[in-house]
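Student: A single structure is presented below for examination.
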Amino acid sequence: MATTFYSTHCRSLATTSSSSSASFQPSPFSSNLAYLQRVTFSHRFIASKVSLKYQPQSYQIPVHTQQQEGAVASSVAPVENGTSHKQLNAELLSVKSPKESLVEDGFEKDGNESTVSITVVGASGDLAKKKIFPALFALYYEDCLPKHFTIYGYARSKMTDAELRNMVSRTLTCRIDKRENCNEKMEQFLKRCFYHSGQYDSQEHFAVLDKKLKEQEGGRTSNRLFYLSIPPNIFIDAVKCASLSASSGNGWTRVIVEKPFGRDSESSAALTKSLKQYLTEDQIFRIDHYLGKELVENLSVLRFSNLIFEPLWSRQYIRNVQLIFSEDFGTEGRGGYFDHYGIIRDIMQNHLLQILALFAMETPVSLDAEDIRNEKVKVLRSMRPLQLEDVVIGQYKSHTRGGVTYPAYTDDKTVPVGSLTPTFAAAALFIDNARWDGVPFLMKAGKALHNKGAEIRVQFRHVPGNLYNRNFGTDLDRATNELVIRVQPDEAIYLKINNKVPGLGMKLDRSNLNLHYAARYSKEIPDAYERLLLDAIEGERRLFIRSDELDAAWSLFTPVLKELEEKKIIPEYYPYGSRGPVGAHYLAARYNVRWGDLGSDIDR
């Protein structure tokens, strides 16, 4: 088995790679050289690959050394026919590590012969100001960016470099636990930030950007990352211009695409087809920021590295799984955008479905990106298309509480009059495979609810023949074990168990075995965008969505979305600040489920 250690000062991850293992031809002089173990050296995702190929007169042993921020190739001299086994072993052992080769060839260990140019397309927008630039600064503050990097803002707005820096500086903060040299770090970061004004559909403007990038790159190997923080209707124009006029000539070019990835199967497929006219699949990084959240990342660790959970992760022990997302505010002026998509497209089809796929997938062959994404696709393809009877939709209405009147969804001036777009949805989904047959996966997402949060709730089956049933009375749900993974806010993982209350009598209580992140770890949890941007720079695709994964996800929701719109299904109205429409409880009850977020958890 080939083990790759990805190790930097800002992250350390061990993965097993199946795609990069060495391949060999049998040697006529020795049957012992059946394989050669892949050796990997850890320095910002450097991988060393050794392969032995048979040639009639000699045995060539090429050694390819590649790193994320440039490539260096070296090779060992051919081994002539008749070379002894010991001599061949000596040749193999004399192969220098990537680090040694880099130093000998004039490359410093930090890869300063290459540079990364990050262009934020749509730099004047809210996403760029509130998330992307702060995430890039956080990576810089943690020394996770390459030595040579440049950040360019690109938008239609007229702005100077100084004005961009001033705009960005208002949103930058330093880590709570690392405030030393904060102002100095900010100044250094802002000096790396530049601005270019241009149209998104102008190849000439992107060509000028290309010229400016080359000036900053200074003749080094140029790697370029474009972040499309723009409306989806101009994705293709921007990708076309960036690809034809501003791609790297001697390094990699990658493009991060924000959701929505279409409105249904047809529009999503058309978007993918258009993107692939100018980019390969490996260049497209479809971002879903929920996959970068700490507790979502921890989901596979919790399951696959703890013996107590993996044997229970099936229909035999799990009664239902709930994925719950709630916001305690409405559209607040963004109703024009939201009304075009609705809560199902905005939250359920991507965020919650991606978490479901990670939760329910089979054990992947390795932690390699393709192995994980292969398993996610298998789960999505095993799911039944969503039926209308398994969906409840709602829309928040005006409500007065404590002397304050909260507006209805249709009171938003950017929302069309009489809109039927749902701001709440609940759904029951099923996976038709051996592991999950018959287990309901319940999703619930809504705006203007009683609280803000996102969590995964795993409710286990009742204990067969429970000796203590009478101590719980008729409410057996109180005796059910439940695993809760609170994604946000106040991240935590806790397991609800039954225990005896101290005393002479036999009184049972329900308690939590609790991993509360704020109490356990003093370090601030990185924002999801930090993790995903770093992954994109390093070429790690594990947390990005592949095109066939996207197709499978849309195939589940497209039929019911079309039915809702064609039949003009009227949503159930619920008061602003409530727990949502009553219909969601009837849907859960149909599958003998009670929503887990209705009670008051003892740790809240």
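The values are calculated or read from the model by the stated rules, or taken from the named source; none is laboratory data. Worth saying up front: this structure is predicted, and the values here are computed from it rather than measured. Note: ideal-geometry Cβ built from the backbone for every residue, glycine included; neighbour counts use all protein chains shown. Note: areas computed on protein heavy atoms with side chains; ligands, DNA, RNA excluded. Shrake-Rupley method; radii C 1.70, N 1.55, O 1.52, S 1.80 Å.
Student: When you scan segment 292-299, do you find a residue that is in a loop (DSSP other than H, G, I, E, B), open to solvent by 10 Å² or more (accessible area, probe 1.4 Å) and touching a Gly at 6+ places or on another chain (Cβ under 9 Å), even just one?
Tutor: Within segment 292-299 (the criterion being in a loop (DSSP other than H, G, I, E, B), open to solvent by 10 Å² or more (accessible area, probe 1.4 Å) and touching a Gly at 6+ places or on another chain (Cβ under 9 Å)), the answer is no, since none of the residues qualifies.
Student: Scanning segment 191-241 for residues that are within 17 Å of Met159 (Cβ to Cβ), among the aliphatic types (A, V, I, L, M) and part of a helix (DSSP H, G or I), which turns out nearest to the chain's Cα centre (by Cα)?
Tutor: Looking at the filtered set, the residue picked out is Leu209.
Student: Any chance you could count how many residues in segment 488-538 are out of contact with any helix residue (DSSP H, G or I) (no Cβ under 7 Å at 6 or more places or on another chain), closer than 23 Å to Thr119 by Cβ and acidic (Asp, Glu)?
Tutor: 2
Student: Also, quick follow-up: Say we look at segment 545-575 and pick out the residues that are buried (at least 19 other Cβ atoms within 10 Å of the Cβ) and hydroxyl-bearing (Ser, Thr, Tyr); which of these is farthest from Asp328 (Cα to Cα)?
Tutor: Thr558
Student: Follow-up question, since we're still on this one. Could you tell me whether any residue of segment 258-281 is assigned to a strand (DSSP E or B) and aliphatic (A, V, I, L, M)?
Tutor: There is no residue in segment 258-281 that is assigned to a strand (DSSP E or B) and aliphatic (A, V, I, L, M).
Student: Could you please let me know if Ser243 is open to solvent by less than 70 Å² (accessible area, probe 1.4 Å) and more than 24 Å from Ser274 (Cβ to Cβ)?
Tutor: Criteria not met by Ser243.
Student: Let me ask another. Where in segment 332-414 are there helices (runs of 4 or more DSSP H), lying wholly inside it, with at least 3 residues that are of a type outside the set (A, V, I, L, M, F, W, C)?
Tutor: Passing ranges, in order: 335-343, 369-382.
Student: I'd like to check something: does segment 258-275 contain any residue that is polar (S, T, N, Q), more than 30 Å from Glu113 (Cβ to Cβ) and surrounded by fewer than 18 Cβ atoms within 10 Å (Cβ to Cβ)?
Tutor: Yes.
Student: How many residues are of a type in the set (Phe, Trp, Tyr) and without any contact (Cβ under 8 Å) to a residue 12 or more places away in the chain if we restrict to segment 343-401?
Tutor: 0
Student: Identify all residues within segment 154-183 that are modelled with pLDDT of 85 or more and surrounded by fewer than 12 Cβ atoms within 10 Å (Cβ to Cβ); write none if there are none.
Tutor: Lys158, Thr160, Ala162, Arg170
Student: What do you reckon, is Asp475 at pLDDT 90 or above, on the phi < 0 side of the Ramachandran plot and surrounded by fewer than 16 Cβ atoms within 10 Å (Cβ to Cβ)?
Tutor: no
Student: What about Ser578, is it open to solvent by 10 Å² or more (accessible area, probe 1.4 Å), polar (S, T, N, Q) and within 30 Å of Leu483 (Cα to Cα)?
Tutor: Yes; evaluated as a whole, the condition is true for this residue.
Student: Against the definition (basic (Lys, Arg), in contact with a helix residue (DSSP H, G or I) (Cβ under 8 Å, 6 or more places away or on another chain) and crowded, with 19+ Cβ neighbours inside 10 Å), how does Arg541 come out, yes or no?
Tutor: Yes.
Student: Scan segment 441-455 and give yes if some residue there is outside any loop (DSSP other than H, G, I, E, B), in contact with a helix residue (DSSP H, G or I) (Cβ under 8 Å, 6 or more places away or on another chain) and open to solvent by 20 Å² or more (accessible area, probe 1.4 Å), otherwise no.
Tutor: No, that holds for no residue.
Student: Since Asn466 meets every condition but one in (1) open to solvent by less than 50 Å² (accessible area, probe 1.4 Å); (2) at pLDDT 85 or above, which condition does it not meet?
Tutor: Result: Asn466 fails condition (2) only.
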